[in-house]
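Since the structure comes first, as structure tokens, the remarks are kept for the end.
Just so it is clear, none of the values below were taken in a lab; they were calculated from the coordinates. Keep in mind that what you see is a predicted model, and the values were worked out from it rather than measured. Neighbour counts run over all protein chains shown; Cβ positions are idealised from the backbone, glycine included.
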Amino acid sequence: MIHQYDEPVYLISIVAKILDVHPQTLRQYERENLVSPSRSNGRIRLYSQRDIDRIKLILRLTRELGVNLAGVDIILRLKVNVDELEAELRHEVQKAKNSYSVSPDKALVTKRSLYEMIIFEE
């Protein structure tokens, strides 16, 4: 059975085993608002694949790069901002591509020759 990327299906014990961390580490990440797993009706934490990928990023930043949790929080917030700006830019580029009022071959701005001749006079 294949689950959606955002579907919360993994228990904390499974995620801890997959990532080779103590469950208390995952609880700490939640207290620090670095990850927000879903909760079942019985208040059991359920993690999605997106949550697991985010925790992998947190672990890489802390273990391999030596970033503390406050730094991780800043990096993750910046990443969200960059992703939003990138999506907005892609949308604007697509909108510009779709709104040609003049065909590109008849535009006023044309490509110049690859070769230009420069003549120096003495």
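Taking segment 45-73 as the range and being basic (Lys, Arg) and without any contact (Cβ under 8 Å) to a residue 40 or more places away in the chain as the test, the residues that pass are Arg45, Arg54, Lys56, Arg60, Arg63.
Of the residues making up segment 1-42, those that are part of a loop (DSSP other than H, G, I, E, B) and over 15 Å from Asp53 (Cβ atoms) number 9. All told, Leu76 falls short of being under 14 Å from Leu19 (Cα atoms), touching a residue at least 40 places away in the same chain (Cβ under 8 Å) and part of a helix (DSSP H, G or I). Listed by first and then second residue, the pairs linking a residue in segment 31-44 that is under 14 Å from Ile12 (Cα atoms) to a residue that is of a type in the set (S, T, N, Q) and surrounded by 10 or more Cβ atoms within 10 Å (Cβ to Cβ), with Cβ atoms under 8 Å apart and 6 or more places separating them unless they lie on different chains, are Pro37/Ser48; Ser38/Ser48. Taking segment 48-73 as the search range and keeping residues that are more than 12 Å from the chain's Cα centre (by Cα), in a helix (DSSP H, G or I) and aliphatic (A, V, I, L, M), which one is surrounded by the most Cβ atoms within 10 Å (Cβ to Cβ)? Here the answer is Ile58.
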